[in-house]
Structure formats: structure tokens, C-alpha cells
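Q: Here's a structure for you.
Any read-out appearing in this document is the output of simple, stated calculations on the displayed coordinates, not a laboratory observation. Everything numeric in this text was worked out from a predicted model, so none of it was measured. Here the Cβ positions follow ideal geometry from the backbone for every residue, glycine too, while neighbour counts run over all protein chains shown.
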Amino acid sequence: MNTVPVMQQPIPQRIGEVSGHREWSTGLFGCFSDCGSCIMTYLCLPCMECKNASRLNECCLLPYCCPGSNVAMRARLRTLGGIRGSILGDICAFSCCYMCAVCQMSREMDNMGL
């Protein structure tokens, strides 16, 4: 049996731009463009958070088991959708208006077909 040692590691290649190529399809305060998700978020925020986590193929209890996971899910959604932004921007969105950020994520997933 012949073994060949690896002399040079492969160079990783980026799939796309790190910074994203587009903006969010709706604004942070565009809640009334989708009254259904707005009402669901207002009346049952935990339900909407669990639904968002499930749509991103995460455990539905993630927002309650891991503090800060909504910021991580928002960053993941930005990456999947090629949306411009940063972790700091995600933190600010949740700090400014938590419910609006959750609702915006739901609208974005609707628009992306997730």
C-alpha cells in the first residue's frame, strides 16, 4: 500500500462576498407590510421566535436555551440571503426594537421562500 504525503494544504475559496450584495427586503419598522406576522409577534412572541428558529433548521427552543441566539440566527439569515450588515447591526436591531427584529426576520424568510 502506497501512501502519498500531502505537501500543500488546499486553499479555501469564498463562495460569495462576505459583506452581502443586497439590503433587507423590508425595513426594520416595516411590520405593517405583513400584518399577520406583526400580530403573531405582538400576541405571541415566543411562538414567532420558535417558528423562526425552525425555519432556519434550528431547534425551536434555541431562543430560550441559548441567550443571544436570535442575534446568531439573524446573522445566519443575512448570510443565507446575501444581505449586507454586521453582527453589531444585528445587536442594535434587537436592542432597538426586539419585536420588530423578530418580525423582520420572519418577513425576510417569507420573501426568500424559507
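Q: Provide the FRET efficiency to the nearest 0.05 for the Tyr42-Tyr64 pair, computing r from the beta carbons and using R0 = 22 Å.
A: 0.75
Q: A further question on this structure: Tell me which of Val71, Phe32, Cys103 sits at the most positive position along the dipole axis of segment 31-112, charges placed on C-beta atoms (Lys, Arg +1; Asp, Glu -1).
A: Sorting the options by dipole projection puts first Val71.
Q: Sticking with this one: Quick one: Karplus J couplings for segment 78-91, per residue in order, coefficients 6.51, -1.76, 1.60, θ = phi - 60°, nearest Hz, x for Gly and Pro?
A: Ordered by residue, 3J(HN,Hα) equals 4, 5, 4, x, x, 8, 5, x, 8, 4, 4, x, 5, 4 Hz.
Q: Then there's this: Give me the orientation-averaged projected area of the Cα convex hull of segment 67-114, in nm², one decimal. All intermediate terms of the calculation are to be shown ahead of the outcome.
A: Values: hull surface 12.2 nm².
Answer in nm², one decimal: 3.1.
Q: Using θ = phi - 60° and the Karplus form 6.51 cos²θ - 1.76 cosθ + 1.60, what ³J(HN,Hα) does each residue of segment 54-69 get, whole Hz, x for Gly and Pro?
A: Whole-Hz 3J(HN,Hα) from phi for segment 54-69: 4, 5, 8, 6, 10, 4, 5, 8, 3, x, 9, 8, 10, x, x, 5.
Q: Calculate how steeply helix 98-112 sits against the longest principal axis of the alpha-carbon atoms of the chain, using the helix alpha-carbon long axis, and give the answer as 0 to 90 degrees to the nearest 10.
A: Relative to the chain, helix 98-112 is tipped by roughly 60 degrees.
Q: Here's a follow-up. Counting only helical runs of four or more DSSP H residues, what would the 222 nm mean residue ellipticity of the chain come to if each run contributes -39,500 (n - 2.57) and the total is spread over all its residues?
A: Only helices count here, giving -16000 deg cm²/dmol.
Q: Given (1) 15.5; (2) 14.7; (3) 16.0 as candidate values of Kirkwood radius over Cα pairs in Å, which corresponds to the one derived from the coordinates?
A: Correct label is (1).
Q: Per residue of segment 38-43, what does 6.51 cos²θ - 1.76 cosθ + 1.60 with θ = phi - 60° give for ³J(HN,Hα)? Whole Hz please, x for Gly and Pro, Karplus curve as stated.
A: 5, 5, 5, 5, 5, 7
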